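First the structure, in the form of structure tokens, and then the observations on it.
Bear in mind these aren't lab numbers, they're just calculated from the coordinates by the rules spelled out. This one's a predicted model, so the numbers in the text were calculated from it and none came from an experiment. A quick note on method: Cβ atoms are made from the backbone with ideal geometry, for glycine too, and the neighbour counts reach across all protein chains shown.
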Amino acid sequence: MRTAAGVRVVRHSDRRRSARRRRALWSGGEVLVTAGLVLLLLVVHQLWWTDREARRGAAREVAALEREWGSATTAGPGAAPGGPGTTPAPDPAAPGPAPGTSRAPRPSSTPVTAPRRSQAYAVLTIPRLHLRVPVAEGVGRADVLDKGYVGHYRGTQQPGQAGNFALAGHRNTHGEPFRYLPRLRRGDAVEVETRTATYTYAVDRILPRTSALDSGVVRPVPRSLVRPGYGYHEPGHYLTLTTCTPEFTSRYRLVVWARLVSVRPR
């Protein structure tokens with residue numbers, strides 16, 4: 001406001017409103033900066049810390065399984081790690097006594113003891129991807145996948161059995177064991193180690209993208225229900241690897257199929 005002489009008069013109320021506006025702008029800026037820092041920390045935690053911790057935990061579990069299997073081997077055929085004279089625990093992934101390396105595996109009719117839910121009982125090795133991770137029973141996020149493990153679809157077969165041994169793993173965060181799954185090529189080796197044998201599969205077919213609800217890819221004779229041109233028509237010894245695609249989303253699934261080519265007893 002100005003007086004008759006043209007002198008500008010500033011009211012106290014104007015000053016108070018101006019001060020309030022400055023405080024509001026400053027407070028809003030602080031809130032935005034704080035929110036940005038929190039989001040940045042969340043991204044760092046999700047993309048880096050969870051990977052680091054999951055990889056370390058998965059490596060420890062692989063080492064623990066190898067120690068357990070080594071103890072069972074050195075204890076002799078009539079003893080187990082629990083003490084002399086005890087009977088070794090049944091291998092949840094073994095289809096029965098291994099007949100030796102086989103180029104033409106036969107279906108096994110021997111009953112298989114199912115692993116406990118979330119139990120790590122095998123090791124998956126993919127040389128091309130420099131990957132070596134535990135295989136656990138089930139595909140629950142908190143108790144399996146978020147630990148950096150690969151999860152076995154319950155209801156599918158076990159390693160070496162006739163049918164489909166189907167696995168799932170994260171592509172991003174929490175160890176991201178299947179991040180580089182698209183790099184696999186036909187003929188690449190995929191090994192599954194258990195207490196009694198190592199099962200070697202060879203990559204055979206790849207389905208680049210299908211629906212997350214495409215249950216056909218994990219059936220005993222795997223075949224996509226969404227894209228029927230991908231899959232098989234005849235029974236066999238299959239391994240299925242599934243993960244999310246594209247990266248950092250869970251909208252679709254990438255599927256890799258492999259066939260059993262050899263069994264090597266421990």
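Under 13 Å from the Cβ of ASP188, count the other residues' Cβ atoms, weight Lys and Arg +1, Asp and Glu -1, and hand me the total.
Details: positive: ARG128, ARG183, ARG185, ARG186, ARG205, ARG259; negative: GLU191, ASP204.
Charge balance in the 13 Å sphere: +4.
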*Quick one: which of 181-188, 57-64, 158-165 comes out on top by average Cβ neighbours within 10 Å, and what's the full order, highest first?*
158-165, 57-64, 181-188
*Sequence-distant or interchain residues sharing an amide H contact under 5 Å with GLY163, placed H: which?*
GLY236, HIS237, TYR238
*Can you run phi through the Karplus equation (6.51, -1.76, 1.60; θ = phi - 60°) for segment 178-193 and list ³J(HN,Hα) in whole Hz, with x for Gly and Pro?*
9, 4, 9, 4, x, 7, 5, 10, 4, x, 4, 7, 10, 10, 10, 9
*By how many nm would the segment from LEU129 to ARG55 lengthen if fully extended, with 0.36 nm per residue of separation less the alpha-carbon distance?*
25.2 nm
*Rounded D (µm²/s) - segment 151-214, Kirkwood Rh over Cα pairs, Stokes-Einstein at 20 °C, 1.002 mPa s*: 158 µm²/s
*Which of the peptides 200-211, 140-151 is most tightly packed, and how do the rest follow, judged by the mean count of other Cβ atoms within 10 Å per residue?*
140-151, 200-211
*Rounded if a/c is under 1.5, else prolate if a/b beats b/c, else oblate: with a ≥ b ≥ c from the C-alpha gyration tensor eigenvalues square-rooted, which is segment 122-183?*
oblate
